[in-house]
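Asker: Dropping a structure here in structure tokens format, bear with me for questions.
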Amino acid sequence: MSVKSAERVLRVFELLGQHTEGLTIKEMSGKLSFPQSSTSNLIGTLFKEGYLNQDSLKRYKLGPKLIQMGTLAMESLDISSQGTPYLKKLMEDVQETVFMAVLSEGELVYVSKIDNNRSIRTTAQPGYRKPLYCTGLGKAFLAFLPENEKNAILDHVELSPITRNTITNRQELEKKLEMFVDMGYSIDDEENEEGLYCLAAPIFGPDNTIQAAISVAGPKERMLNRKDLIVEKLLQTSKKISESIGHS
């Protein structure tokens, strides 16, 4: 079932994509056959949230937030499609569930999940968002982001306890992040979901900045019994995906 307000937002974006010179509310209302009052409210909200720009003639154009989202979508698609064969091989090698995520507005967004036939239940699915501080993938981003970007994220996030293992002290978290940099990978020890142990590694782009992260997740005891093998395969895979997108 379609949602009327969501459909109207999409029609507005499509219309303005065809009229790069911009349109007034009245013009949009006429072209889309929407009531002018509801069009005005819709456009006002999109403008306020940064999805539309307004010029001196009160014409609206597509805004800067859509550029950010489009860039992220392109990167997600490229990295995800580029990485999929490597992720499948990693899953086969370690016989656990494998994920890939990218960074979006201070949170991680899952872009790929390769299930194993003995996968455990997890709330993580492609398209879902999660905080950085309590997940293996998220901590890979925090560990390998430039210092100023890491601090900007941590300055604006509340370290709330998700499980009894969640790290809620910033100094303790930052010590862990330093350790992860030295190791080359990060760990989530039941910090986001009870029973789930996760190992994650960064994917670097041509400019040596982290573009994505990949992880292997499974029941804690099973993961710890084979941790050395999993880490070895995880780091091999992250290196191969990084090289495939231009990192040397």
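Asker: So if each residue of separation counts as 0.36 nm, and I subtract the Cα-Cα distance between Asn148 and Phe47, what length gain in nm does that give?
Answerer: Length difference between fully extended and current span is 33.5 nm.
Asker: So what's the net charge close to Met179: Lys and Arg +1, Asp and Glu -1, counting the other residues with Cβ under 14 Å from its Cβ?
Answerer: Local charge sum for Met179: -3.
Asker: Could I get the Rg over Rh figure for the chain? Both from C-alpha atoms, Rh via Kirkwood, rounded to two places.
Answerer: Rg/Rh for the chain comes to 1.07.
Asker: Still on this structure, please answer the following. Out of the GluC sites (Glu not before Pro) in segment 174-248, which ones are loop residues according to DSSP with at most 12 other C-beta atoms within 10 Å? Present the calculation step by step, with values, prior to reporting the outcome.
Answerer: Values: sites: Glu174, Glu178, Glu190, Glu191, Glu193, Glu194, Glu221, Glu232, Glu243; in loops: Glu190, Glu191, Glu193, Glu194.
Those that pass, being in a loop and sparsely packed, are Glu194.
Asker: Please build a GNM for the chain, connecting alpha carbons under 10 Å apart, and tell me which residue among Ser160, Ser186, Ser37 fluctuates the most.
Answerer: Highest fluctuation among the options: Ser37.
Asker: What residues qualify as long-range amide H neighbours of Val157, i.e. H under 5 Å apart, gap of 5 or more or another chain, H built at 1.01 Å from N?
Answerer: Those qualifying (amide H under 5 Å, at least 5 residues apart or on another chain) number zero.
Asker: Most fluctuating residue of Ser104, Ser80, Ser38 in a GNM of the chain with Cα springs under 10 Å: which is it?
Answerer: Its mean-square fluctuation being the largest, the pick is Ser38.
Asker: So, one more: Cut-off under 14 Å on the C-alpha distance; same-chain residues fewer than 8 positions from Lys65 excluded. Which aspartates and glutamates are left, in chain and number order?
Answerer: Within reach: Glu49, Glu105.
Asker: Which one of Ala143, Ala152, Ala200 has the biggest mean-square fluctuation once the chain is modelled by GNM with Cα springs under 10 Å?
Answerer: Among Ala143, Ala152, Ala200, the largest GNM mean-square fluctuation belongs to Ala152.
Asker: What nm distance separates the two modelled labels at His19 and Ser160, each placed 7 Å from Cα along Cα→Cβ?
Answerer: For His19 paired with Ser160, the spin-label model returns 4.1 nm.
Asker: Separate question: Multiplying the sequence separation of Ser81 and Ser40 by 0.36 nm and subtracting their Cα-Cα distance, what value in nm do you get?
Answerer: Residue separation times 0.36 nm, minus the Cα-Cα distance, leaves 10.8 nm.
Asker: For a 23 Å ceiling on Cα separation, which of these pairs sit above it: Lys113/Lys175; Lys150/Lys227; Lys89/Lys227?
Answerer: From the list (Lys113/Lys175; Lys150/Lys227; Lys89/Lys227), the Cα-Cα distance tops 23 Å for Lys113/Lys175; Lys150/Lys227.
Asker: Hey, another quick one. Would you kindly derive the ³J(HN,Hα) couplings of segment 209-221 from the backbone phi angles with the Karplus curve 6.51 cos²θ - 1.76 cosθ + 1.60 (θ = phi - 60°), listing them in order in whole Hz, with x for Gly and Pro?
Answerer: Using θ = phi - 60°, the values come out as 9, 5, 9, 6, 9, 10, 8, 10, 10, x, x, 4, 4 Hz.
Asker: On a full-extension model of 0.36 nm per residue, what is the gain between Asn169 and Glu27, subtracting their alpha-carbon distance, rounded to one decimal in nm? Before the final figure, lay out the partial values.
Answerer: On the way: separation 142, 0.36 × 142 = 51.12 nm, distance 5.31 nm.
The span from Asn169 to Glu27 would gain 45.8 nm if fully extended.
Asker: Per residue of segment 164-176, what does 6.51 cos²θ - 1.76 cosθ + 1.60 with θ = phi - 60° give for ³J(HN,Hα)? Whole Hz please, x for Gly and Pro, Karplus curve as stated.
Answerer: Each residue's phi maps through the Karplus curve to give 5, 9, 4, 7, 10, 9, 4, 4, 5, 4, 5, 5, 4 Hz.
Asker: Which angle between 0 and 90 degrees, to the nearest 10, do you get for helix 36-48 versus the longest principal axis of the chain when only C-alpha atoms count?
Answerer: So the inclination is approximately 40 degrees.
Every read-out reported here was derived from the displayed coordinates using simple, explicitly stated rules and does not represent laboratory data. Quantities reported herein were computed from a predicted structural model and do not represent experimental measurements. Every residue, glycine as well, gets a Cβ built from its backbone with ideal geometry; the counts of neighbours run over all protein chains shown.
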